[in-house]
Amino acid sequence: MAMHLILGNKRYSSWSLRAWLILAMNELPFTEERIRLYQDDYKHILEAKSDGGQVPVLQDGDITVFDSLSIAEYLHENYSLNYGWPEAKAARAHARSMCALMHSGFAHLRRECPMNIARLPAPVSLSEECLLDIKRIDELLSKILRTHEGPFLYGKASIADAYYAPVIIRLDRYALLGPLHSELRAYAARILTLPALQPWLEAGRRETDIIAKAER
Ligand SMILES: N[C@@H](CCC(=O)N[C@@H](CS)C(=O)NCC(=O)O)C(=O)O
């Protein structure tokens, strides 16, 4: 039986995108169910489907995994992924650290630049704290790209690329890439044109539900 992924709106749900992209990049068969976030009784629907009460949720037979990072670990542990965690021990440890950093950090960027696939690229005013988040992302990702010589963060595509794809989309949609390191800009172009990502971007652009708090 194919796995089943419960997602939020493709236009806005960055955590859903991470789980979806790991599955898509690895060409694992799965069915999708989209929950219209912040509409009607979406919370009741989500609470019934997951102890976490949030998307994404992965159902694999009678196993339910919630939270994007747990889903990444579950997939890596249970499926032989072509694009899972990096193979080399040090790179794998670093990739896991970077994903944990994303998962628990960069709060200012996440708050001030919500992912919005349908947004036309344009700048907004940002706090000093948000600019520091962007600086750290620029420095870290550029250094990783230099160390592993691309084309993806740790050489070959991995879970870390799926994890940072929504960040790249934010940097693009808020017209923030221009002053960043050339390695990061080249990487951003690769991510934004990644074949596995295109169906998500197309679906996100087509969605018409508006979540006011995610629009800037
Ligand atoms: N840390 C969680 C975050 C999940 C999350 O914040 N999901 C959002 C959508 S992107 C959500 O479900 N929002 C609806 C809600 O919290 O009621 C993960 O990695 O999965």
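The values are calculated or read from the model by the stated rules, or taken from the named source; none is laboratory data. This structure is a prediction, so every number in the text was calculated from the model and none was measured. Here Cβ is always computed from backbone atoms with ideal geometry, including for glycine, and neighbour counts include all displayed protein chains.
A few points about this structure:
- Qualifying residue in segment 70-78 (condition: more than 16 Å from Tyr163 (Cβ to Cβ), surrounded by 14 or more Cβ atoms within 10 Å (Cβ to Cβ) and at pLDDT 95 or above): no
- Residues (in contact with a helix residue (DSSP H, G or I) (Cβ under 8 Å, 6 or more places away or on another chain) and not aliphatic (A, V, I, L, M)) located in segment 183-216: Glu183, Tyr187, Pro199, Trp200, Arg216
- Residue that is surrounded by the fewest Cβ atoms within 10 Å (Cβ to Cβ) [pool: residues in segment 183-202 that are of a type outside the set (A, V, I, L, M) and in contact (Cβ under 8 Å) with a residue 12 or more places away in the chain]: Pro199
- Scanning segment 104-126 for residues that are outside any loop (DSSP other than H, G, I, E, B), under 16 Å from the mean Cα position of the chain (by Cα), within 16 Å of Leu184 (Cα to Cα) and modelled with pLDDT of 95 or more turns up nothing.
- One residue from Gly61, Gly53, Gly8 being touching a helix residue (DSSP H, G or I) at 6+ places or on another chain (Cβ under 8 Å) and at positive phi: Gly53
- Complete set of residues in segment 68-77 that are more than 8 Å from the ligand (Cβ to nearest atom) and out of contact with any Leu (no Cβ under 9 Å at 6 or more places or on another chain): Ala72, Glu73, His76, Glu77
- Failed condition for Ala100, given (1) within 22 Å of Arg34 (Cα to Cα); (2) among the small types (Gly, Ala, Ser); (3) within 16 Å of the ligand (Cβ to nearest atom): (1)
- Filter result for the condition that a residue is surrounded by 16 or more Cβ atoms within 10 Å (Cβ to Cβ), modelled with pLDDT of 95 or more and farther than 18 Å from Ala19 by Cα, over Arg136, Arg173, Arg146, Arg205: Arg173
- Residue check for Ser125: among the polar types (S, T, N, Q), within 21 Å of Pro166 (Cβ to Cβ) and away from the ligand (no atom under 12 Å from the Cβ): no
- As for segment 148-167, it holds no residue that is out of contact with any Ser or Thr (no Cβ under 6 Å at 6 or more places or on another chain), in a helix (DSSP H, G or I) and without any contact (Cβ under 8 Å) to a residue 40 or more places away in the chain.
- In the set Leu176, Leu180, only one residue is part of a loop (DSSP other than H, G, I, E, B), in contact with an Asp or Glu (Cβ under 7 Å, 6 or more places away or on another chain) and not aromatic (Phe, Trp, Tyr); that residue is Leu180.
- Within segment 112-159, the set of residues being farther than 13 Å from Tyr174 by Cβ and acidic (Asp, Glu) comprises Glu128, Glu129, Asp138, Glu139, Glu149.
- Flag for Ser127 being out of contact with any Lys or Arg (no Cβ under 7 Å at 6 or more places or on another chain), surrounded by fewer than 14 Cβ atoms within 10 Å (Cβ to Cβ) and outside the structural domain of Ser16 (by TED's automatic domain parsing): yes
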